[in-house]
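Worksheet: the structure to be examined is printed underneath.
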Amino acid sequence: MKNILLALAAAAAIAGFVTSHPASAQPAAPEQTCLQNNRIWSWNAVSDRLLIVTDRAYHRYIVRLSGGCIGLSAYPLTALRFKTWTSLGCLQRGDSVAYRAPGLGPLNCFVNDVEPYSPELLAQDQQR
């Protein structure tokens, strides 16, 4: 009987320790930036390689583009089409941006990077 009570007390002590100290030895994963194609509300071309995009929740993102977006910043009323693998997926490297530039016709360029907007990041990009 003594052994059973001792075993139950040990099990309760171990269970209390395990529940009060969760296994969080691994660092938390960084939050992934997710700009969904079907939630894009507006955009502003800072240059032919840099967009500031706002989603329907009014979160702003910096989208860096590859070359090929000729005249994108010159035509602010141009309709953009973001092509991702799925409309629910996050805009990511390799997705394309299509638009029609007056006098040039249909053009495509590709997404290099998507980050949450911050004035510091924008200033760094404009200095490049």
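The values are calculated or read from the model by the stated rules, or taken from the named source; none is laboratory data. Since the structure is predicted, the reported quantities are computational estimates derived from the model, not experimental observations. Using ideal geometry, Cβ is built from the backbone for each residue, glycine included, and neighbour counts are taken over all protein chains shown.
Computed quantities for the displayed model
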read-out	value
Total residues in region 89-128, condition modelled with pLDDT of 90 or more and of a type in the set (S, T, N, Q)	4
Looking only at region 66-88, and only at residues there that are exposed (fewer than 14 other Cβ atoms within 10 Å of the Cβ), more than 13 Å from Ala45 (Cβ to Cβ) and not basic (Lys, Arg), the one that is modelled with the lowest pLDDT	Ser87
Inter-residue pairs, beta-carbon under 8 Å, first within 18 Å of Asn37 (Cβ to Cβ) and in region 71-90, second loosely packed, with under 11 Cβ neighbours inside 10 Å, 6+ apart	Cys90/Gln32
Unmet requirement for Ser20, which otherwise passes all of (1) surrounded by fewer than 10 Cβ atoms within 10 Å (Cβ to Cβ); (2) within 14 Å of the chain's Cα centre (by Cα); (3) at pLDDT below 90	(2)
In region 104-114, the residues that are farther than 15 Å from Asp48 by Cβ and either exposed (fewer than 14 other Cβ atoms within 10 Å of the Cβ) or of a type in the set (Asp, Glu) (or both)	Gly105, Pro106, Asp113
Long-range neighbours under 9 Å by Cβ, at least six apart or interchain, first residue more than 24 Å from Ala57 (Cβ to Cβ) within region 95-117, second among the acidic types (Asp, Glu)	Cys109/Asp48; Phe110/Asp95
Qualifying positions in region 49-65 - loosely packed, with under 15 Cβ neighbours inside 10 Å and among the aliphatic types (A, V, I, L, M)	Ala57
Scope region 54-66; condition touching a Phe, Trp or Tyr at 6+ places or on another chain (Cβ under 9 Å), touching a residue at least 40 places away in the same chain (Cβ under 8 Å) and not polar (S, T, N, Q); matching residues	His59, Arg60, Tyr61, Ile62, Val63, Leu65
Candidate set: region 27-59, residues that are of a type in the set (Lys, Arg) and assigned to a loop (DSSP other than H, G, I, E, B); chosen: the one farthest from Ala123 (Cα to Cα)	Arg56
